[in-house]
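To start, the structure itself, in structure tokens.
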Amino acid sequence: MALEKLSLVDRATQQLRQMIVGADLSPGQRLTEQELSDEMQVARGTVRAALAALVAENLVVRRPYAGWTVQSVNNELLREHYQVRGAFEELSARLVAVSLNESIRKTLEAAYDQLIEAERNGDAESRLQADLGFHASMIQASENKLLIRQYESIAGQTEWLYRWSENSWPRRINLLDWHKPILDAVLSEDPEAAAAAVRAHTQRSLHDDMQDLQNKPPQ
């Protein structure tokens with residue numbers, strides 16, 4: 001298999017994305033082209049192009065006369081993200097429920113087993129990866145290539161918000177209580193019940209994130 005060839009801009013974009021999603025750069029933090037250029041040892045033009053690419057992913061904001069900043073977490077951003085992600089996940093749950101087979105069943109059950117392990121013994125990163133993995137496994141099981149690509153297009157922001165929430169309010173949720181209804185509904189092969197379970201999960205997640213953001217500032 002040929003190795004993927006990435007341009008300098010692609011590599012800079014990848015590095016900056018990892019810094020934001022991995023919480024090395026904080027929400028709302030100001031970014032300067034020269035500082036990033038010096039740190040990453042690339043030209044300012046390369047940094048500028050990478051930052052522009054991350055604007056398209058809604059991880060970076062550019063404001064006239066104010067420059068670049070990491071996206072801030074606010075109610076509008078949370079609402080828009082959960083609306084889009086929830087729509088993707090509801091569709092995937094419907095598709096999986098009507099096309100369930102033994103292979104898909106085992107895949108979803110294995111993803112849920114990871115949630116069990118993370119809830120029992122996991123640190124913050126293990127919990128995050130198990131949570132992301134459960135949702136991703138449902139998307140992949142849909143076998144809808146367009147849906148999978150569109151979901152991947154918001155994957156960076158999804159992980160960024162997951163980590164922000166877990167870091168700000170550690171172990172706020174019980175992973176099993178939150179995901180078992182989705183698994184049960186999908187495995188029952190009832191597409192309406194599956195979509196409803198995902199919808200309830202999405203609405204609950206949005207409500208809790210917005211409430212905690214208002215009532216208790218992140219640590």
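If we sort 197-207, 167-177 on the protection proxy, mean other Cβ atoms within 10 Å, highest first, what's the order?
Ranked by mean Cβ neighbours within 10 Å, highest first: 197-207, 167-177.
How large a share of the accessible area of the chain, in percent, is made up of carbon and sulfur atoms when the probe is 1.4 Å and the other protein chains stay in place?
After summing per-atom areas, the C and S share lands at 49 percent.
Ranked highest first by the average count of other Cβ atoms within 10 Å around their residues, in what order do 37-44, 68-75 fall?
Those peptides, ordered most packed to least, come out 68-75, 37-44.
What translational diffusion coefficient, in µm²/s and rounded to a whole number, does the Stokes-Einstein relation yield for the chain at 4 °C and a viscosity of 1.567 mPa s, taking the hydrodynamic radius as the Kirkwood radius over Cα pairs?
The Stokes-Einstein estimate is 69 µm²/s.
The values are calculated or read from the model by the stated rules, or taken from the named source; none is laboratory data. Remember, it's a predicted structure, so these values are computed and weren't measured experimentally. FYI the Cβ positions are ideal-geometry reconstructions off the backbone, even for glycines, and counts take in every protein chain you see. When the accessible area is computed, the model is the full protein with side chains, heavy atoms only, and any ligands, DNA or RNA have been set aside. Shrake-Rupley method; radii C 1.70, N 1.55, O 1.52, S 1.80 Å.
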